Every structure is written in C-alpha cells, then in structure tokens.
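Note sheet for the following structure.
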Amino acid sequence: MNAPIPLAPLSAAEATAAGIRIERMTGALGARVFGVDLREPLRAEQHDVILRAFDEHLLLTFPEQQALSYEQHMAFSENFGPHQDLPHIPLVDGYPKIQRVFAEATHVKGQVAGQNWHSDSTFLPKPPLGVAMRGVHIPPHGGDTAFVNVCLVYESLSPDLQKMLSGLKAVHSATRLFGTQSLKREVRLNMRENTSMDEGDREFVHPVVRTHPRTGRKGLFVNKVYVQRFEGWTADESAPLLQYLYSLLDRPEFGARVSWHENMVLLWDNRFTQHRAIFDYAGHRRELVRTTIQGEQPA
C-alpha cells in the first residue's frame, strides 16, 4: 500500500476564496469556522476547505449557527461519511440516525457518561471516524468538553518507545460500560434499554498506533474506557505502560476545552483525538444531539 501524501496546510487565502474564515483555537488542536450556514448544502469549495481544516485541526466548531433540523444535521454529517449506528447510545424518537447525549438536573456524577478520556466506541471492529454534535439545552454554567490531540501525545514519546508501541496491538471491549464488568457499577449510565451485555463483552483487537489515511500522521490509539490489555500480555502486565500513556493525556499543551452554547455544532475526529465530558453543572439539565460518522478499520 502506498504511503499517504501529507497535505499542505490550508491557507487563509484558500479559505477566504470559499467565503470561510478559520480561527485556530489552540496550538494543539481545534479551529472555529465562520461563514458557513449548515442549514444549506455545502458547496464543493466549502466542502474542500472544511475537510482540509478537519484533517489539520481534528476538531472544528461552528459557533454562528441557527437551529438545525434533524434532516439538516444528518445532511451535514454525511459530507464526511455515512452514518454509523452505535449499540448503546439513546436515539431521538423517529430518527434512528440522531443520538442523544443528556443529563437531567437530578443526575449525579456516576450517571453521566464520558467523564474519562476516551475515543468513542473503539470496541467496534470499525470505530467511528468522527462525530457531529449540536448543542440543544446548555446549562447556565459548565458542561464543557475537553479534547486531546493523540498525535501530539505519540510524537512526544521517545523514538524507542514509539517503535515498541508500533509493534503492539490492544484488546478493546465495552465490558466496563455495558458488559459483565458494568454490573460492578453502583448506578447505570444513560443507555438504550435493549443494550446487549454479550455485545459489551465482545473483544476486538486494534493497533496501538494508527496512521491517518490522508495526512500520514501517527496517533496513539488506546483509551481508558475500552482497552483491556495489550494483545499477548496479561492485564497486570499491561497496566503500568497503559497508565503511563494515559497520564500524558492530561498535559495541557496537548489539549483544548470547548464551551457549548445552543445550536453550536462541533465536529471532531474520533480517530486522532480523545475527549471527556466535564460534569460541573449538577442540578442543571444538559442535552446534545449527535450523528456518528462511519470509520474504517484502524491501520
């Protein structure tokens, strides 16, 4: 297989020619996109600019949006790939492609999903490429989502550790989320009522380091929620190295934090970022809706 050809960074002139302004959020990842109304189909030049910005920044926010219909939300998401169903996230009634992420004012910390660093649904044979999420009901304070660029995490490692990790694979499953290990939880997270425990216990193996199919950049692909152990290692043998890798996710120079407001749309690359929800809004309701974009088998 031929190596991907790295793309040249998107220039301001190219974005301006498409009527778009890109503002970088941090030195690590993320950009704000202005000049696009997501209620309308993307023109070819807009699509090209946004796709290149997505590859470069891995996380895009569209802050100046009016309320999208579910159909408009789905149409925007499908610019980046077909829909992918997930077996456990609740759905909007009548819209099997629109998933709900919510916490009621009565929920306590243990009932709110996503508070540990993770990439979504890496227990699947083809984990999602990305997610397009929209703010529906935002608490008066808090409720941010934090992101980390796992390419930067990988690039910070020594060459010898990079080489060792590139030869490893990791075993992923959702057992702690909705498999047998989830029975140890004191309270249950918001999930579909028919979520299968057998599916939660199913295991898939993915490379520890994966390569972006267009840019060729490498990123670390292990996360605390779904990884059980390295393939061929015991869980006890795997734990020290995994914990060291997870500790790097908290380094602020690798990350960004996104504050939500109603109707803002957020698009993130699920393959080369990790994210976590920050539950600092107890007593208030928070609701987001999302579409999930089909991913490829990690390579």
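Observations, loosely collected:
- Members of Lys97/Lys126; Lys109/Lys163; Lys97/Lys184; Lys126/Lys218; Lys97/Lys163 lying beyond 28 Å, as alpha-carbon distances in this model show: Lys109/Lys163; Lys97/Lys184; Lys97/Lys163
- Peptides 65-75, 140-150, 9-19 ordered by average Cβ neighbours within 10 Å, highest first: 140-150, 65-75, 9-19
- A 1.4 Å probe run over the chain, with the rest of the protein chains in place, finds 45 Å² accessible per residue.
- Per-peptide packing, taken as the mean over residues of other Cβ atoms within 10 Å, places 252-260, 26-34, 236-244 in the sequence 26-34, 252-260, 236-244 from highest down.
- Accessible carbon and sulfur surface of the chain relative to its total accessible area, %, 1.4 Å: 52
- Size of electric dipole in the chain: Cβ of Lys, Arg +1 and of Asp, Glu -1, about Cα centre, debye, nearest 20: 340
- Mean separation of Cα pairs under 8 Å and 6 or more residues apart, divided by the residue count, gives the chain a relative contact order of 34 percent.
- By the Cα gyration tensor, region 1-122 has an equivalent ellipsoid whose semi-axes, rounded to whole angstrom, run 29, 19, 16 from largest to smallest.
- Over region 1-125, relative contact order from alpha-carbon pairs under 8 Å, at least 6 apart, %: 17
- Cα convex hull of the chain, projected area averaged across orientations, nm²: 15.7
- Highest to lowest packing among 263-274, 287-298, scored as the average C-beta count within 10 Å: 263-274, 287-298
- Contact order relative to length of region 147-299, as percent, for alpha carbon pairs under 8 angstrom and 6 or more apart: 34
The values are calculated or read from the model by the stated rules, or taken from the named source; none is laboratory data. Predicted model only: the values in this text are computed from it and were never measured. Reconstructed Cβ throughout: ideal geometry from the backbone, glycine too, with neighbour counts over all protein chains shown. With ligands, DNA and RNA removed, areas are computed over all heavy atoms of the protein, side chains included. Shrake-Rupley method; radii C 1.70, N 1.55, O 1.52, S 1.80 Å.
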